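Novice: Sharing a structure here in structure tokens format.
The values are calculated or read from the model by the stated rules, or taken from the named source; none is laboratory data. From a predicted model like this one, the values you see are computed outputs, not experimental measurements. Glycine gets a Cβ as well: all are built from the backbone with ideal geometry, and neighbour counts include every protein chain shown.
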Amino acid sequence: MKKSWTIVGGIAIIAILIIGYVWSTYNKLITANEAVDSQWAQVDTQYQRRFDLIPNLVESVKGIMKQEQTIFTELAEARTRYAGAGTTDQKAEAASQLEGSLARLLVIMENYPQLKSAETVQTLMSQLEGTENRISVERKRYNDSVRDFNVIIKRIPASWVASSMNFSEKKYFEATAGSELAPQVNF
């Protein structure tokens with residue numbers, strides 16, 4: 001009788017340990033998943049700040065730079081695509097397209113001395129530059145969160161729990177092809 005109780009007790013302890021491990025791992029996965037979602041919300045907030053500044057920037061610069069209507073149109077279209085995007089990937093793609101137009105606008109502004117002296121343009125440009133820095137920081141934090149989450153779901157034995165609970169790998173925010181090249185501005 002004592003031997004059977006020892007076996008039952010051993011099985012119970014093993015079952016409790018397994019259940020405890022699964023419970024703990026599931027909670028860790030939920031926490032990591034929420035960290036990724038929360039960090040994307042921070043990226044999204046900074047993008048929204050950028051998109052709120054752009055109309056002001058465009059209106060301030062439009063009067064001085066009539067010949068660059070193409071860039072203003074691209075900025076407006078990218079903003080519209082971002083606002084209409086339904087998924088994180090679509091938003092990231094629209095934001096990347098906007099970055100190319102903004103880079104060209106920054107180069108143009110550096111080449112126009114009369115724009116540099118306009119106080120309104122300078123203020124908006126510094127706000128936009130600050131926003132770009134914030135976006136960069138938040139994207140890095142997002143990618144760090146994605147990395148942490150992906151590491152958790154790939155490690156054994158947590159990967160078994162992750163796959164059984166339908167947790168899948170998250171995508172990193174990546175730069176678009178060609179973004180490493182400086183924009184070309186032709187007058």
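Novice: Would you check if TYR142 is hydroxyl-bearing (Ser, Thr, Tyr) and at pLDDT below 75?
Specialist: It is false that TYR142 is hydroxyl-bearing (Ser, Thr, Tyr) and at pLDDT below 75.
Novice: Now, a different point. I want to confirm something. Restricting to region 86-100 and keeping residues that are within 12 Å of the chain's Cα centre (by Cα) and among the charged types (D, E, K, R), which single residue is nearest to VAL43 (Cα to Cα)?
Specialist: If we take residues in region 86-100 being within 12 Å of the chain's Cα centre (by Cα) and among the charged types (D, E, K, R), then LYS91 is nearest to VAL43 (Cα to Cα).
Novice: Being surrounded by 14 or more Cβ atoms within 10 Å (Cβ to Cβ), modelled with pLDDT under 80 and assigned to a helix (DSSP H, G or I): is that true of ILE71 here?
Specialist: Criteria met by ILE71.
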